[in-house]
1. Roughly how big is the chain's charge dipole about its Cα centre, with Cβ charges of +1 (Lys, Arg) and -1 (Asp, Glu), in debye to the nearest 20?
2. Computed FRET efficiency, Cβ-Cβ of Lys52 and Lys188, R0 25 Å: what is it to the nearest 0.05?
3. Quick one: if you stick a label point 7 Å off each Cα along the C-beta vector at Asp158 and Lys41, how many nm between them?
4. Would you calculate, for the chain, the mean residue ellipticity at 222 nm contributed by helices, counting each DSSP H stretch of 4 or more residues as -39,500 (n - 2.57) and dividing by all residues, to the nearest 500?
5. Ordering Tyr164, Tyr152 by accessible area with a probe of 1.4 Å, largest first, what comes out?
6. How far is the Cα center of the range 310-334 from the Cα center of the range 95-171, in Å?
7. How would Lys52, Lys249 rank on accessible area, largest to smallest, probe 1.4 Å?
8. In square nanometres and to one decimal, what's the mean projected area of the convex hull around the Cα atoms of the chain?
Amino acid sequence: MKQNRRDFLKTTSLLTAASISGLSSKSFATNFINSKGTKMKFSFKPYTLELKHVFTVAVNSRTTTPVMLTEIEYDGVKGYGEASMPPYLGESQETATKFLSKVNLEQFDDPFEIEKILEYIDSIDEKNTAAKASVDIALHDLVGKLIGKPWYKIWGFDKTKTPYTTFTIGIDTPEVVRQKVKEADEFKILKVKLGRENDREMIETIRSVTDKPLTADANQGWKDKNYALEMIQWLSEQNVLYIEQPMPKEMIDENAWITERSPIPVLGDESIQRIPDLIKMKDVYSGVVIKLMKCTGMREAYKMITLARSLGMKVMLGCMTETSCAISAAAQLSPEVDWADLDGNLLIKNDPFEGVKVIDGKITLNDYPGIGLKN
């Protein structure tokens, strides 16, 4: 159904308000849809991502990542979603299957009631944040397609303000690290995984082949606060822009001590999953890493960005190893953050989707409706 520009702007502003404040959208959904009695059809299927290289962080190594692909169909239009579940986060295809089997979207006759629907999804069970995100992403994709606009436009973001994304260099031997750096030639910023005994070797190896700015992620790998601070001070001299999760999330006082003394921003990742965590940790870290798989999707990520800004915190938008589905969804929020690490789809070799691109290292949004997937 076509609409004029005035109607579009009116209904878009209402949708934005509905997605943020919880207002019902029934009053305007009919401007787009004349499908009384139509039900949303929800389905899901497991999929396994194959990584281009062995991916090693402080706590584990792996060559695959299990995901769950979701789909919501309404009046012939399909929205796509994804749950990425690295094993260390506690979710799996089995847990996702158990959770998603409980989802009943047929009780809703209006997909524009985003807040109401996602509150229901969140109430089904505790945790299962990636599984919840898969429904959130599919619903946003569906609604964006029904409107005929990408979400960055619905939210009113400026696509020219998307950041450069980092490209992740996992822990490996010097020879492999140098090869990974060469493969990442188009990227302006590199992210280095740390947290093991060869941290300095990792940085020195990269510095032997490039002087590009770096970011670092210790993945909770450092256990002594004095050692962690010494490493961070050294990293700042190596042109490292910020450090993610230097110490275990349980060591709250130690992380706060480091943040107070660090010459570069200290970002909470594993420590900050959802909105309540952000509020609790506002004085512990100088910034937050927001990931759709941690916070249940686009709806809460939007709110977390807004809250973090009000608290004076830096914001980095991150990801797991994911397909272009979840990466494209996260990219819709990217004009509003300081930094981005949205390279998860670039680390795999069996991406079933085509979406948002990285051009010369910069996240480049397209105008495909919904989350930006190519039909």
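The values are calculated or read from the model by the stated rules, or taken from the named source; none is laboratory data. Please read all numbers here as calculations on a predicted model, not as lab measurements. Every residue, glycine as well, gets a Cβ built from its backbone with ideal geometry; the counts of neighbours run over all protein chains shown. In case anyone asks, the SASA skips ligands and DNA or RNA and just uses the protein heavy atoms, side chains included. Shrake-Rupley method; radii C 1.70, N 1.55, O 1.52, S 1.80 Å.
1. That gives a dipole near 1160 debye.
2. In this case the efficiency is close to 0.75.
3. Result for the modelled spin labels: 4.3 nm.
4. Working: 14 runs with 135 residues, N = 375.
About -10500 deg cm²/dmol.
5. So the residues, ranked largest to smallest area, are Tyr164, Tyr152.
6. For the range 310-334 versus the range 95-171, the Cα centre distance is 12 Å.
7. Values: Lys52 120, Lys249 90 Å².
The ranking, largest first, comes out as Lys52, Lys249.
8. Numbers: hull surface 68.8 nm².
The directionally averaged projection comes out at 17.2 nm².
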